[in-house]
There are 2 protein chains.
Amino acid sequence: MENSDVRGLITKCAASVKKSIENGRKPQLKLPKRGLSNVIYTPKTGYFKLDKNQITRTLTYNTVKSFAQSLRMMGLCKETIENAEEVSKREAYYISKNWEEARFDQQPESDTVMEDLEAMFRVNREQLGFVPEEKGGEVAGRLNVIDKDRQRGEKLKIDCTRFGRGAYSIPISVEELEFETSAKFILAIETAGMFQRLNNHAFWDKKNCILISLGGVPTRACRRFIRRLSDENNIPVYAFVDGDPYGYSNIYRTLTVGSGNSAHINEFFCVPEARLLGVTPYDIDTYELPTHPLSERDVKRAKDALKNDPFFKHHKAWRKALKKMIDMGVRVEQQAFAKHSLNFVIDTYLPEKLAKTGSFLP
Amino acid sequence: MENSDVRGLITKCAASVKKSIENGRKPQLKLPKRGLSNVIYTPKTGYFKLDKNQITRTLTYNTVKSFAQSLRMMGLCKETIENAEEVSKREAYYISKNWEEARFDQQPESDTVMEDLEAMFRVNREQLGFVPEEKGGEVAGRLNVIDKDRQRGEKLKIDCTRFGRGAYSIPISVEELEFETSAKFILAIETAGMFQRLNNHAFWDKKNCILISLGGVPTRACRRFIRRLSDENNIPVYAFVDGDPYGYSNIYRTLTVGSGNSAHINEFFCVPEARLLGVTPYDIDTYELPTHPLSERDVKRAKDALKNDPFFKHHKAWRKALKKMIDMGVRVEQQAFAKHSLNFVIDTYLPEKLAKTGSFLP
């Protein structure tokens with residue numbers, strides 16, 4: 001959605017509130033109910049999606065403060081979009097200190113109102129001019145990122161093959177970036193150490209790909225970057241994470257289908273086309289990898305995923321893999337390949353796996 | 001220290017072990033005792049430094065395994081340096097799985113042996129071919145980083161003014177980087193959100209400086225990068241952190257004088273010339289900033305710093321500032337300036353502070 005469209009939605013909503021008041025009716029705001037009870041999982045679209053339940057907020061004596069706060073927040077969004085500015089959640093909280101009786105007393109209150117607006121307009125926070133506080137995600141390889149030099153207004157071409165041992169750090173908001181690439185795939189890597197090894201050896205050059213370091217559970221900006229890059233250029237995404245329940249059900253699942261708690265934005269942030277390259281429980285046998293015993297917490301996490309997570313429940317291949325891991329009672333780290341030799345992962349493991357992408361876990 | 005020198009130290013040490021054995025004497029390794037009991041604080045050098053206490057490890061029936069492990073680790077370092085490779089701590093642990101009886105059973109054991117070698121040779125881990133697992137630190141502004149294209153062997157000039165809203169991500173090891181800059185100062189920023197705001201507005205262009213995002217407590221690579229950049233180009237470092245005991249005693253203090261637990265490497269990783277721009281407790285009054293009450297933990301951290309930390313104890317200006325913060329009973333965040341307007345921090349606060357760097361906290 002273009003910024004001007006979002007501005008239009010805000011203006012339209014505000015106009016309807018104004019009209020109600022002028023006509024002597026109580027103004028209302030309608031927004032989707034947020035939370036797991038209003039979520040549907042559609043294997044076809046591939047992510048947790050908001051269902052149709054709506055709640056209506058009517059201006060009354062009791063709701064006057066929160067109603068005013070919603071309108072002020074809409075005003076802030078409109079201003080931010082018009083000035084091509086960006087506001088972090090924390091900054092929005094501090095800005096509200098000037099809203100007299102509509103000021104927020106705690107940041108969680110202002111965060112909630114902002115998330116309501118996301119859901120109400122069915123856009124993501126970044127499209128409302130808001131940005132997260134946290135950064136994350138590094139990129140190296142066969143990709144030009146096209147950004148704008150804000151001072152001079154000219155286009156900037158950022159060549160991600162030209163950073164040596166360093167990398168391109170993904171900005172907090174990626175909506176305005178454009179991409180040029182002829183890469184065959186994106187390799188999304190859990191640990192910074194493995195990313196650094198692959199980058200030092202220019203693995204992206206050997207395999208014509210783009211390396212992205214997730215740095216643990218990927219941030220919104222990192223997920224959105226991968227999603228847009230993959231969608232717009234039709235490139236597959238392969239995830240390379242530790243072989244443990246955290247790597248599968250937290251990192252990989254969040255990347256692929258999003259999270260249950262923020263179903264109203266998964267649409268923008270999930271990468272449903274991602275596939276898991278490894279490390280799989282089967283790799284432990286095939287490559288005779290050193291392992292660690294699963295902790296109680298690991299086992300609980302894996303069993304929870306099998307029992308309660310619509311994603312893992314839906315995919316037979318995942319159920320089988322998780323059960324095998326629980327049966328084996330062990331987990332494996334990305335670095336375990338170093339047992340064979342430092343670059344075994346580059347020379348043997350990754351090429352062998354990439355030769356049979358059809359067998360990757362969904 | 002050049003890599004060839006480090007290799008020489010390893011060879012020399014191994015030769016002396018060999019000679020002892022050939023002469024029928026028990027071989028010995030001498031290394032400094034590590035820990036706070038063997039640390040001196042010299043305000044002149046400005047960081048926690050190892051004192052002279054040494055321990056001697058002699059090869060006996062009881063020490064044969066750990067002695068062998070130290071020698072195998074030295075061998076791994078030598079190989080790594082010769083092959084211009086890099087090994088992470090976790091990879092070293094997995095490599096040891098091939099050392100038969102000298103293999104490590106847990107990663108903390110191999111980490112300790114590696115840290116002993118750092119202390120023994122008085123070098124940092126990176127100079128032994130080891131790299132940390134964690135990455136961190138982003139850079140934007142008036143700086144060219146000179147790196148090498150490992151595939152083609154040619155020099156790569158990375159212009160940190162050409163990343164748009166993105167940034168240059170610091171690699172895990174920075175020993176081989178070179179710098180070209182005419183910047184007047186380095187601004188080291190605690191939060192990714194504030195870094196992004198200053199970068200979006202090209203603050204580095206207005207003030208001819210280099211922006212570095214610390215992302216909380218700075219990683220080794222980030223601290224080493226700032227140290228080398230500052231030393232070799234004689235540029236001052238100004239820190240801009242949240243105004244709370246964590247920002248002062250964890251983030252700023254670690255950046256400036258290093259940490260007590262790793263005194264054997266502070267020499268390489270501290271930035272003794274750094275100064276604190278803000279946010280200071282005095283700024284709360286001057287700029288009428290919204291605050292949060294100090295938590296019990298905040299108060300404890302501040303009192304601990306006053307009582308036990310040689311750095312804060314040494315500097316009168318810091319004692320005064322910490323006492324003022326405890327008396328006020330409040331802390332302040334970097335984002336608090338947004339109360340006045342989103343870019344107040346860029347248009348007013350930073351320029352006013354930068355006009356009187358002499359008053360920065362040491």
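Please determine, by comparing only the residues of segment A:153-163 that are open to solvent by 20 Å² or more (accessible area, probe 1.4 Å) and of a type outside the set (D, E, K, R), which one is nearest to the other protein chains (Cβ to nearest Cβ).
Per the stated criteria, the residue is A:161.
What strands (runs of 3 or more DSSP E) completely inside segment A:1-117 contain at least 1 residues that are charged (D, E, K, R)?
Fully inside segment A:1-117 and qualifying: A:28-32, A:47-50, A:54-58.
Can residue A:38 be described as over 20 Å from residue A:265 (Cβ atoms), surrounded by 13 or more Cβ atoms within 10 Å (Cβ to Cβ) and in contact with a Lys or Arg (Cβ under 9 Å, 6 or more places away or on another chain)?
So residue A:38 fails the test.
Would you tally the residues in segment B:166-202 being surrounded by fewer than 23 Cβ atoms within 10 Å (Cβ to Cβ), touching a helix residue (DSSP H, G or I) at 6+ places or on another chain (Cβ under 6 Å) and not hydroxyl-bearing (Ser, Thr, Tyr)?
Summing the residues that are surrounded by fewer than 23 Cβ atoms within 10 Å (Cβ to Cβ), touching a helix residue (DSSP H, G or I) at 6+ places or on another chain (Cβ under 6 Å) and not hydroxyl-bearing (Ser, Thr, Tyr) in segment B:166-202 gives 3.
Given the residues A:301, A:331, A:297, which is the only one that is under 30 Å from residue B:93 (Cα atoms), within 28 Å of the chain's Cα centre (by Cα), in contact (Cβ under 8 Å) with a residue 60 or more places away in the chain and open to solvent by 50 Å² or more (accessible area, probe 1.4 Å)?
None of the other options fit; the residue is A:331.
Looking at segment B:171-192, can you tell me whether even one residue there is farther than 30 Å from residue B:31 by Cα, among the basic types (Lys, Arg) and within 12 Å of chain A (Cβ to nearest Cβ)?
no
Can residue B:267 be described as of a type in the set (D, E, K, R), at pLDDT below 90 and over 12 Å from the mean Cα position of the chain (by Cα)?
Numbers: of a type in the set (D, E, K, R): yes; at pLDDT below 90: yes; over 12 Å from the mean Cα position of the chain (by Cα): no.
Spelling it out, it is not the case that residue B:267 is of a type in the set (D, E, K, R), at pLDDT below 90 and over 12 Å from the mean Cα position of the chain (by Cα).
Which one of these does residue A:283 not meet: (1) in contact with a Ser or Thr (Cβ under 9 Å, 6 or more places away or on another chain); (2) under 30 Å from residue B:107 (Cβ atoms)?
Tallying (1) in contact with a Ser or Thr (Cβ under 9 Å, 6 or more places away or on another chain); (2) under 30 Å from residue B:107 (Cβ atoms), residue A:283 fails exactly one: (1).
Let me spell it out: the conditions are (1) open to solvent by less than 50 Å² (accessible area, probe 1.4 Å); (2) within 23 Å of residue A:237 (Cα to Cα); (3) among the small types (Gly, Ala, Ser), and residue A:359 meets all of them except one. Which number is the exception?
All conditions are met except number (1).
If you go through segment B:161-192, how many residues are farther than 22 Å from residue A:174 by Cα and touching a Pro at 6+ places or on another chain (Cβ under 9 Å)?
Qualifying residue count for the region: 7.
So residue A:239 ticks every box in (1) within 14 Å of chain B (Cβ to nearest Cβ); (2) open to solvent by less than 10 Å² (accessible area, probe 1.4 Å); (3) at pLDDT 95 or above but one. Which box is left unticked?
Unmet condition: (1).
Which members of segment A:120-152 meet the condition of being among the charged types (D, E, K, R) and either surrounded by fewer than 18 Cβ atoms within 10 Å (Cβ to Cβ) or more than 10 Å from chain B (Cβ to nearest Cβ) (or both)?
Selection gives A:122, A:125, A:126, A:133, A:134, A:142, A:148, A:149, A:150, A:152.
Looking at (1) open to solvent by 20 Å² or more (accessible area, probe 1.4 Å); (2) more than 14 Å from chain B (Cβ to nearest Cβ), can you tell me which one residue A:89 breaks?
Checking residue A:89 against (1) open to solvent by 20 Å² or more (accessible area, probe 1.4 Å); (2) more than 14 Å from chain B (Cβ to nearest Cβ), the one that fails is (2).
If I filter segment B:92-119 down to residues being β-branched (Val, Ile, Thr) and within 22 Å of the chain's Cα centre (by Cα), which single residue comes out as most open to solvent (accessible area, probe 1.4 Å)?
For segment B:92-119, the residue satisfying everything is B:112.
Quick check, is residue A:210 away from chain B (no Cβ under 14 Å), surrounded by 20 or more Cβ atoms within 10 Å (Cβ to Cβ) and touching a residue at least 12 places away in the same chain (Cβ under 8 Å)?
Judged against the criteria, residue A:210 is a match.
Considering only segment A:216-232, I want to know if a residue exists there that is open to solvent by 10 Å² or more (accessible area, probe 1.4 Å) and within 11 Å of chain B (Cβ to nearest Cβ).
Yes: one or more hits.
Only residues that are within 14 Å of chain B (Cβ to nearest Cβ) and out of contact with any Asp or Glu (no Cβ under 8 Å at 6 or more places or on another chain): list them for segment A:290-338, please.
Once the filter is applied, which keeps residues that are within 14 Å of chain B (Cβ to nearest Cβ) and out of contact with any Asp or Glu (no Cβ under 8 Å at 6 or more places or on another chain), segment A:290-338 yields A:290, A:291, A:293, A:336, A:337.
The values are calculated or read from the model by the stated rules, or taken from the named source; none is laboratory data. Bear in mind the structure is a predicted one, so any value in this text is a computation, not a measurement. Heads up, the Cβs are rebuilt from the backbone with ideal geometry, glycines too, and the neighbour counts pull from every protein chain shown. The accessibility values were calculated without ligands, DNA or RNA, using every heavy atom of the protein model including side chains. Shrake-Rupley method; radii C 1.70, N 1.55, O 1.52, S 1.80 Å.
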